Amino acid sequence: MSKSYRLLFPLLALLLVAALLPGEHSVQAAEPNPTLGATPVPVQSVAPVFLPFLRGKANFLGDEYISCTYIDETGATDIYVQGDYAYCASGWGGITIFDVSDSELPVQISSARSFADPVGLAFQSGNVKIDVSDGFAYRSCGNLGLVIFDVRDPYDPKVASVWTQTGFARDVQVVGDYAYVVADSYHGLCILDVSDPTAPRWISSPLAGYNLYSTRVFVYEGYAYLASYVGWLVIDVNDPYNPNPLGYWAPLQSCNVLYACDGYCYFADGANLLVVSPASRGEPAIIAGIELDYEPVDLFAKNGYLYASNGNWIITVIDIHMPERPYIETEFELYMCGPNNIFIEEEYMYLAEGSGFKIFR
């Protein structure tokens, strides 16, 4: 055996031991805040494991540039792709719809706006999100409330209704007949009955009066998870008419974005990415953590990989095939992009940005 090979094996062993030991990337767990009825949660502090020399062929979406689409000076702050169509949250409380059946040549087919917004109230940071369900697009518009568009004919979208009961809408997710809206500080989360999208009806606000500044919501397996400046919150919404807040956990920094899939929840606590076991399995617990070089503005998971955007050219791909041991697979820069939000459909990654959206593979 050559001298170079004899030196290589001890080096690999040393790297393996170092990777398995807790390091500076360990995330310390925060204590739950009891004011919402939470009880102490069993929490583990687990260092991420980096094994670059043991990785197989990656199956994540890379930085292969496909196309760029310009909308107008207002650009796109969020994007949702369903079938052959991309629905963009665009200027002045509106949407712009594209045919993306040919990813190399997206074609704008229609747009609709609900009202004039000359002072940009619908474009305050983090206030513009879009979700699409059963032929209707739901768009949060900040100070302008929630706008619901009828997009059953993508070539002729129409405003179906506007909901302004709390005067604010930061985020929205639709599950079945219910829309979960991150509203103003006082109401926190509002649950709407949207079985008739032309007449949304408020049914509950489980956090009313707590003045928790929530930013994002993700409903998963009967529980609503909220990202908030005061921590991450969990609410049992198996009965949307009688939601039950389980508690909130104070962050190390601030919890702004989150995502849930495949039995786990992912919270961005400042630059720390936390992996949390869901409430459907009992009391939530932090089981792992990994430190990024920035505070993500959006998260999206697909096929065992979590994609994080820093809102300024960088996308980080994190392998979560083993959620208790996440590691950074790769990171790449998207020059002149500055993505706001990520959506992944099949083999394509769609990035909403300041001037429109870009597609990568």
Please pick out the residue among Leu207, Leu233 that is surrounded by 21 or more Cβ atoms within 10 Å (Cβ to Cβ), under 30 Å from Val159 (Cα atoms) and of a type in the set (A, V, I, L, M). Leu207
Answer with yes or no whether Ile290 is more than 25 Å from Ala224 (Cα to Cα), touching a strand residue (DSSP E or B) at 6+ places or on another chain (Cβ under 6 Å), crowded, with 19+ Cβ neighbours inside 10 Å and β-branched (Val, Ile, Thr). no
I'd like to check something: does the range 170-192 contain any residue that is surrounded by fewer than 16 Cβ atoms within 10 Å (Cβ to Cβ), of a type in the set (Phe, Trp, Tyr) and either touching a Lys or Arg at 6+ places or on another chain (Cβ under 7 Å) or at pLDDT below 95 (or both)? yes
Flag if Leu233 is more than 23 Å from Tyr178 (Cβ to Cβ), assigned to a strand (DSSP E or B) and out of contact with any helix residue (DSSP H, G or I) (no Cβ under 7 Å at 6 or more places or on another chain): no
Name every residue in the range 250-302 that is among the small types (Gly, Ala, Ser), closer than 14 Å to Thr215 by Cα and modelled with pLDDT of 85 or more, in order of residue number. Ala268
Please identify the pairs in which a residue from the range 205-223 that is in contact (Cβ under 8 Å) with a residue 40 or more places away in the chain has its Cβ atom under 6 Å from the Cβ atom of a residue that is among the hydroxyl-bearing types (Ser, Thr, Tyr), counting only partners at least 6 apart or on another chain. Ser214/Ser228; Val217/Tyr180; Phe218/Tyr225; Val219/Tyr180; Glu221/Ser280
Failed criterion for Pro197 (all others in (1) buried (at least 21 other Cβ atoms within 10 Å of the Cβ); (2) part of a loop (DSSP other than H, G, I, E, B); (3) at pLDDT below 90 hold): (3)
Counting only residues that are touching a Cys at 6+ places or on another chain (Cβ under 8 Å) and at pLDDT below 90, which one in the range 128-169 is nearest to Ala89 (Cα to Cα)? Val128
Which residues, counting only those in the range 253-290, are more than 14 Å from Pro323 (Cα to Cα) and of a type in the set (Gly, Ala, Ser)? Ser254, Ala268, Gly270, Ala271, Ala279, Ser280, Gly282
May I ask you to list the residues in the range 324-333 that are at pLDDT 90 or above and either under 20 Å from Trp249 (Cα atoms) or assigned to a strand (DSSP E or B) (or both)? Glu324, Tyr327, Ile328, Glu329
For Asp63, are the conditions met, namely being in contact with a Phe, Trp or Tyr (Cβ under 6 Å, 6 or more places away or on another chain), modelled with pLDDT under 90 and assigned to a loop (DSSP other than H, G, I, E, B)? yes
Could you check how many residues of the range 259-286 are assigned to a strand (DSSP E or B) and surrounded by fewer than 19 Cβ atoms within 10 Å (Cβ to Cβ)? 2
Just to be sure before I move on: is Tyr155 of a type in the set (Ser, Thr, Tyr) and touching a helix residue (DSSP H, G or I) at 6+ places or on another chain (Cβ under 6 Å) in the structure I sent? no
Inspect all residues belonging to the range 305-314 and state whether any of them is at pLDDT 85 or above, among the aromatic types (Phe, Trp, Tyr) and over 17 Å from the mean Cα position of the chain (by Cα). no
Of Ile342, Ile315, Ile320, the only residue that is more than 26 Å from Ile95 (Cα to Cα) and β-branched (Val, Ile, Thr) is Ile320
How many residues are touching a residue at least 40 places away in the same chain (Cβ under 8 Å) and either buried (at least 22 other Cβ atoms within 10 Å of the Cβ) or not hydrophobic (A, V, I, L, M, F, W, C) (or both) when one looks only at the range 145-167? 11
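The values are calculated or read from the model by the stated rules, or taken from the named source; none is laboratory data. In this text, all values refer to a predicted model and were calculated from it rather than measured experimentally. Positions of Cβ are generated from backbone atoms using ideal geometry, with glycine treated the same way; all protein chains shown enter the neighbour counts.
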